[in-house]
1. Of the residues GLU111, GLU152, GLU130, GLU126, which single one is on the phi < 0 side of the Ramachandran plot and crowded, with 21+ Cβ neighbours inside 10 Å?
2. Collect the residues in the range 426-461 that are of a type outside the set (Gly, Ala, Ser), closer than 25 Å to GLU159 by Cα and crowded, with 20+ Cβ neighbours inside 10 Å, keeping them in residue-number order.
3. Which ranges mark the helices (runs of 4 or more DSSP H) fully within the range 309-372 that have 2 or more residues being at pLDDT 90 or above?
4. Kindly indicate which of GLN61, GLN56 is loosely packed, with under 14 Cβ neighbours inside 10 Å and over 30 Å from THR309 (Cα atoms).
5. Somewhere in the range 388-399, is a residue surrounded by fewer than 13 Cβ atoms within 10 Å (Cβ to Cβ) and either small (Gly, Ala, Ser) or part of a loop (DSSP other than H, G, I, E, B) (or both)?
6. Pairs, please: C-beta under 6 Å, at least 6 apart or cross-chain, first residue at positive phi and in the range 188-204, second of a type in the set (Val, Ile, Thr) and crowded, with 22+ Cβ neighbours inside 10 Å?
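The values are calculated or read from the model by the stated rules, or taken from the named source; none is laboratory data. All values derive from a computational prediction rather than experimental measurement. Using ideal geometry, Cβ is built from the backbone for each residue, glycine included, and neighbour counts are taken over all protein chains shown.
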Amino acid sequence: MEYFPRMIDKYLSEWAESRTRKPLLLRGARQVGKSTAVRHLASRFKSYVEVNFEKQPMFAQLFENSLDVNVIVPQLSAMTGVRIVPGETLLFFDEIQECPKAIMSLRFFKEDMPELHVIAAGSLLELALEDLPTFGVGRIHSMFMYPMTFDEFLVANGEQLLLDQRNAASAQQPLADPLYEKMVMLLRNYMLVGGMPEVVGRWVESHDYLACQEVQDDIIVSYEDDFPKYRRKVSPELLRRTLESAAVQATKKFVYSQVGDYKSAEVKTALDVLYKAGLLIPVTHTSANGLPFGSEADSSNRKVLMMDTGLMMRLLNMTTGDVTELTSRILTADITDLVNKGSMAEMLAGLELLRYRTPNVRHELFYWSRAAKNSLAEIDYVTSYAAHVLPVEVKAGRQGGMKSLWIFMREKGLDWAVRCSLENFGTFDYHDAEKEETRHVVICPLFALSQLQRLLEQEDG
């Protein structure tokens, strides 16, 4: 299959060129493109050795008696028939969670063979690492990988020129109407197709939603096939039900009782496993009085996002039996209708906010809400800009439905906010008569979240 460029390519190249690099652990859910990205990087090296511990369990035996890399590397060379030369060879351990001792060995590569480029990846790594509390902190570098962003989807579909136009647009010079309409159409496609590389590949080939759905179904089955591996922590049936319930409850405060006849503690454990597997993304409540948000976070009060909009649609179909109405709304509805109804736009915004950040850290998403009597208020996401709190509301109308935003900004003494919508680029001001203050709102289109920092800098100017 054709390789589609990914954001992480740049970071992998920088790692490969760094003189102070450490063995790299590439973390993320199954089938988000980790192995493919590593193989793409491998083209820069004179030689490449890939060991998949799931497909080739016999390699695990090499790590049983010794973690001395000066012993292990010649044995790997002999097993693969490829001479492993530090500085010339990329050594890749795939599905490394199947061999905990290989995970333990990674730190010794940094100490005893620092010139050798070593990458490890795995789909169920987080749970394996829990059992290895001292696996190599400080001696191993991690990167986190997700499904394809909307920008990556555009490039895969040959829309680099359109992307260039969008990246040059601003509040002062919005996209021309035909380009704007085309961008909205492509975003609608992306909502249904999602960002799983194999699904995107099928879409590029066929432009057939049904063909994409077949691949999405296969991916979901492969995830469910993994569930028995977590049996020690939680039952496969409870994991399946929790995942399906998360699709139904996406972007809402997660209600444990909706999963079924299980104790809250059991559902909480299942959610935790699905977070660690990368299938669900938590959005945690914060008081948002300042940075970091985590210092005021309430982990018992969370909303949940699915890792991918396309997979969410398929899970909804499996759970409710029919998503025809939602599909047709995405494809044909009025923009205001599309954004205001259903959770798809809010979920997409959250995923995009997460994915455009540096992959070197496991980032978190936060939201704010207040449940005071006669004064309910909620901000979809809170992030930061220039070391200040920045509220992000996913809305369609110009000022309608923005009451929560004004309450939040007044309460926190904020001047800037973002409305993420399907409008074109723009800004507007809101005069708070009670406080005699003016609030500035930057309109960031849903299809331009990678440009949020640039848009804010332009306005802040």
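1. GLU152
2. Listed by number, the residues that qualify are ILE443, CYS444, PRO445, LEU446, PHE447, LEU449, GLN451, LEU452, LEU455.
3. The qualifying helices (runs of 4 or more DSSP H) are 309-320, 344-355.
4. Step by step, each of GLN61, GLN56 is checked, and only GLN61 is loosely packed, with under 14 Cβ neighbours inside 10 Å and over 30 Å from THR309 (Cα atoms).
5. Scanning the range 388-399 turns up no residue that is surrounded by fewer than 13 Cβ atoms within 10 Å (Cβ to Cβ) and either small (Gly, Ala, Ser) or part of a loop (DSSP other than H, G, I, E, B) (or both).
6. GLY194/THR309
Results for (1) farther than 21 Å from TYR190 by Cα; (2) hydrophobic (A, V, I, L, M, F, W, C); (3) in the same structural domain as GLU352 (by TED's automatic domain parsing); (4) touching a residue at least 60 places away in the same chain (Cβ under 8 Å), shown as yes or no for each residue.
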position	(1), (2), (3), (4)
GLU378	yes, no, yes, no
VAL394	no, yes, yes, no
LYS403	yes, no, yes, no
ALA433	yes, yes, yes, no
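Here's the yes/no breakdown for (1) surrounded by 20 or more Cβ atoms within 10 Å (Cβ to Cβ); (2) in contact with a strand residue (DSSP E or B) (Cβ under 9 Å, 6 or more places away or on another chain); (3) at pLDDT below 95; (4) among the basic types (Lys, Arg):
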{"site": "LEU192", "(1), (2), (3), (4)": "yes, no, yes, no"}
{"site": "VAL204", "(1), (2), (3), (4)": "no, no, no, no"}
{"site": "ASP225", "(1), (2), (3), (4)": "no, no, yes, no"}
{"site": "PRO228", "(1), (2), (3), (4)": "no, no, yes, no"}
{"site": "GLN249", "(1), (2), (3), (4)": "no, yes, yes, no"}
